[in-house]
1. Regarding residue 140, is this residue in contact with an Asp or Glu (Cβ under 8 Å, 6 or more places away or on another chain) and of a type outside the set (Ser, Thr, Tyr)?
2. Within region 214-229, identify whether any single residue is crowded, with 19+ Cβ neighbours inside 10 Å, within 19 Å of residue 74 (Cβ to Cβ), in contact (Cβ under 8 Å) with a residue 40 or more places away in the chain and assigned by TED's automatic domain parsing to the domain that holds residue 123, and answer yes or no.
3. Would it be correct to say that residue 74 is β-branched (Val, Ile, Thr), surrounded by fewer than 20 Cβ atoms within 10 Å (Cβ to Cβ) and either in the same structural domain as residue 37 (by TED's automatic domain parsing) or under 28 Å from residue 201 (Cβ atoms) (or both)?
4. Hey, does region 86-93 have a residue that's surrounded by 21 or more Cβ atoms within 10 Å (Cβ to Cβ), among the acidic types (Asp, Glu) and within 17 Å of residue 213 (Cβ to Cβ)?
5. Could you say whether any residue in region 82-96 is outside the structural domain of residue 7 (by TED's automatic domain parsing) and over 25 Å from residue 201 (Cβ atoms)?
6. If you go through region 8-22 one residue at a time, do you hit one that is surrounded by 15 or more Cβ atoms within 10 Å (Cβ to Cβ), not assigned by TED's automatic domain parsing to the domain that holds residue 178 and not in a helix (DSSP H, G or I)?
7. Any residue at all in region 172-185 that is out of contact with any strand residue (DSSP E or B) (no Cβ under 8 Å at 6 or more places or on another chain) and either assigned to a helix (DSSP H, G or I) or closer than 23 Å to residue 8 by Cβ (or both)?
8. Does residue 244 count as more than 22 Å from residue 141 (Cα to Cα), in contact (Cβ under 8 Å) with a residue 24 or more places away in the chain and assigned by TED's automatic domain parsing to the domain that holds residue 75?
Amino acid sequence: MNFLSTVFFGVQREGFLKGLQGALDHIGTKDGIYTGDNLVTWGRNLGFFENEKFMQAWRTHGTTSVEEAIVWRIYVVNWAVQSVLARNIPGDLVECACYKGTTARIVCDYVDWAQRPDRHYYLYDLFDHDPSMPHHRMTEHSAQLYSQVKARFAEFGNVTVTQGKVPDVLHEVGPKEKIAFMHIDLNNVQAEIGALEVLFDKLQPGGIMILDDYGWLAYRPQKLAEDPWLAKRGYHVLEMPTGQGLVFK
């Protein structure tokens, strides 16, 4: 199984891809290759590509070149949700920020979220961008994105999509008691620490938190703030090759 994406960040595209092809031409085993999302691997099992249910959900909802390239990241989130559900960790799911809702929508298919009325999935984002906002603009930020994401989850009575600034909006709409899984992807240090202040104590023993930006050098201030914040509480983040950070409660 090989997966070859040409989506990389922070590179001079033409020269980088030429050099990458040259490197791949000189590896001994032309199997288990993954390129994309600033990852280049070979000789790997890439077992998530053999997970038919995940692949069906990803192919259905991961429709852009970036959503294709970050499939490893998306699978990590799906694995984490599946893990807390399989172990019956009590509580809801939280994602700050969800952007287009692609990852969460894949999760809903993968774990049959509509069949879990005893749990709730809370999604947050600003959905739009202007120069006063601390996060950087994404391609599909717009005044319409909030309504589009709400429509994407309209069939799920146990998903709430909320527009607002984290952490402020968490006090207005959100899990009141228990959280089983948290996915934090705010691209901003103040917002991420604010989210931790509100949510982390609600994450249940055995729960999982994924910090999407943790391992990316462009977002190093978040790592530098989150490491001591979590260390004071006895937790340490595992930096993953995908650029994500993993924490078990």
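1. For residue 140, the condition - in contact with an Asp or Glu (Cβ under 8 Å, 6 or more places away or on another chain) and of a type outside the set (Ser, Thr, Tyr) - is not met.
2. no
3. For residue 74, the condition - β-branched (Val, Ile, Thr), surrounded by fewer than 20 Cβ atoms within 10 Å (Cβ to Cβ) and either in the same structural domain as residue 37 (by TED's automatic domain parsing) or under 28 Å from residue 201 (Cβ atoms) (or both) - is not met.
4. Taking region 86-93 as the starting set, the residues that turn out to be surrounded by 21 or more Cβ atoms within 10 Å (Cβ to Cβ) are 92-93.
Filter once more, keeping what is among the acidic types (Asp, Glu): 92.
Among the residues that remain, those that are also within 17 Å of residue 213 (Cβ to Cβ) are: none.
So far as region 86-93 goes, no, none of its residues is surrounded by 21 or more Cβ atoms within 10 Å (Cβ to Cβ), among the acidic types (Asp, Glu) and within 17 Å of residue 213 (Cβ to Cβ).
5. Taking region 82-96 as the starting set, the residues that turn out to be outside the structural domain of residue 7 (by TED's automatic domain parsing) are 82-96.
Pick out the ones that are also over 25 Å from residue 201 (Cβ atoms) and you get none.
No, that holds for no residue.
6. The answer is yes, given that some residue of region 8-22 is surrounded by 15 or more Cβ atoms within 10 Å (Cβ to Cβ), not assigned by TED's automatic domain parsing to the domain that holds residue 178 and not in a helix (DSSP H, G or I).
7. Checking region 172-185: not a single residue is out of contact with any strand residue (DSSP E or B) (no Cβ under 8 Å at 6 or more places or on another chain) and either assigned to a helix (DSSP H, G or I) or closer than 23 Å to residue 8 by Cβ (or both).
8. Numbers: more than 22 Å from residue 141 (Cα to Cα): yes; in contact (Cβ under 8 Å) with a residue 24 or more places away in the chain: yes; assigned by TED's automatic domain parsing to the domain that holds residue 75: yes.
For residue 244, the condition - more than 22 Å from residue 141 (Cα to Cα), in contact (Cβ under 8 Å) with a residue 24 or more places away in the chain and assigned by TED's automatic domain parsing to the domain that holds residue 75 - is met.
The values are calculated or read from the model by the stated rules, or taken from the named source; none is laboratory data. Everything quoted here is computed from the prediction, not taken from an experiment. As a convention, Cβ positions derive from the backbone with ideal geometry for all residues, glycine included, and neighbour counts pool all protein chains shown.
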